[in-house]
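Taking it in order: structure first as structure tokens, then the write-up.
Just so you know, all these numbers are worked out from the coordinates, no wet-lab data involved. This structure is a prediction, so every number in the text was calculated from the model and none was measured. Positions of Cβ are backbone-derived with ideal geometry, glycine not excepted, and every protein chain shown enters the neighbour counts.
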Amino acid sequence: MIVIAAAWIFVLLLGGGVALDRILTNTVTASFDDQLEYVLNAMISSAEIGPDGEVFFNRPLGDQRFLEPNSGLYWQISGQGHTDFTSRSLWDRALTLTAGQSGSEPKIYDSGQFVGEDLRVIEQSIYLPGSKVRWRFGVAQSRATMDSQIRQLRQTLTYSFALLALGLIIMAGLQTLYGLWPLRKVRQAIQAMRTGQMDRVRAPMPIEVMPMVEELNALLEHNEKQAEEARRHAGNLAHALKTPLTVVMNSATARADDLADTVIREAAVMRRQVDHHLARARAVGRRGQARARANVWESAEAVERAVARLYAQVRCDLDGNKAASVAVERQDLEEMLGNLVENAGKYGGGSVFVTIDPKASADPKLVDIWVEDDGTGIPEAERTRIFDRGARLDTGKPGTGLGLAIVRDVAEIYGGLVELDESEDLGGLLVRLRLPRAG
């Protein structure tokens, strides 16, 4: 940033300096030329033709330098067939004037006709009253004075612009360092968090970097929550596997006759526990994906086909909004629907009814999915306990009691919820699964 600012300052000052140099040089030159033109006009107004046909001045020119030899200021009047009328300052030299046009505007130009002395010359050709000769009036002055003034101006410009550039670059550097200093403080705070001295960026920061600090703190909080969830899941899984492993070990130690059946039964329990926690882990990992989207109808049809193969005697009907989509990964959506529909087919009387996004939905930001069956339902007093891991009301059928727990955990991870009620149409259990609607 400092290098770019310095380069831009250099370009701007260079362009400005060149432009200002041209303006001041032209101003000095114009002033110099005005003085020469003033002298030329004074010569023309004072010139007359004498009885001998020669030109003379009816009054002397006022500048004393015209009387000093080689003073640097000269005049000369030339006419065809006449001797040049020159100032005393020319001494034994003469000006070489270019041929001008009668009545033309004064002509100004630089000349190097004198060795070691550059001249600025102005001349004009006119006809004087009483003479048919075209007289060329010329005034010349050494450029030394004008060039000295221009050099002094350029030196002053160079020093001034160099000092200005240095000051601007220093100010740009200080401004850059001052503006970026809060980032140094953020880096130091992150280093302190890495070494365990802090857990958040808490130092007051300028308003320009506060959004970044807030996002950083939010990211840290998010990571801490994920780490805490991972630790909790690992602890829950370890606790869930501890009991089946203990049962298997006790049976093996006692050399029980039903050891094989015990191992198969407890291994199924452990596999279901592992599946449960894997489902939670997948949902947690996918929760931050803004592109998560699934069509509920397509997932429900896939689940219906899978359940139909398991329970051929169960009839499953779908109804509702076929276009409804939820902000959930399809695999997680089918995991939840599969558990609900499978439970309805297993514990119901043979009829399962799935309604997607019914018109009675209260919150437009959520998609309601109703799963109803014609079974015995769940008493209201047991509807909270049934979500606990391993909780089962009907122990006569195979299962691990983790289906509703998985549905609840995955739904809550995505910001949804699960409610139990009584089905008015089928008389059995009504499960309301509410998931965020996809934008």
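Relative contact order for the chain: what percent, with Cα pairs under 8 Å and sequence separation of 6 or more? The value is 10 percent. Counting beta carbons within 10 Å around each of His82, His222 and listing the fewest first gives the order His222, His82. Neighbour counts of other Cβ atoms within 10 Å put Val28, Val352 in the fewest-to-most order Val28, Val352. Neighbour counts of C-beta atoms inside 10 Å place Tyr347, Tyr127, Tyr74 in the sequence Tyr127, Tyr347, Tyr74, starting with the fewest.
Computed 3J(HN,Hα) for the range 414-427, one whole-Hz value per residue from the Karplus formula 6.51 cos²θ - 1.76 cosθ + 1.60 where θ = phi - 60°, is 8, x, x, 7, 10, 10, 10, 8, 9, 6, 6, 7, 9, x, glycine and proline marked x.
Here the chain is treated with +1 on each Lys and Arg Cβ and -1 on each Asp and Glu Cβ, and its dipole about the Cα centre works out to around 1100 debye.
Straight-line cross-link partners of Lys365 among the lysines, defined as a Cα under 29 Å from its Cα and at least 8 positions apart when in the same chain: Lys225, Lys322. The loop-placed GluC sites (Glu not before Pro) in the range 11-80, going by DSSP, that have at most 16 neighbouring Cβ atoms within 10 Å of their Cβ come out as Glu54.
Counted residue by residue at 0.36 nm each, then reduced by the alpha carbon distance between them, the extension gain from Lys132 to Leu153 reaches 2.9 nm.
For Lys132, the lysines whose Cα comes closer than 23 Å to its Cα, not counting residues fewer than 8 places off in the same chain, are Lys107. In the chain, taking the dipole from charged Cβ atoms about the Cα centre, the farthest positive-side position among Val133, Ser160, Trp8 is held by Ser160.
Treating each Cα of the chain as one equal point scatterer and applying the Debye formula with no solvent, the log10 of I(q)/I(0) at q = 0.09 Å⁻¹ comes out as -0.81. The range 139-198 gives an Rg/Rh value of 1.60, both radii derived from C-alpha positions and Rh following Kirkwood.
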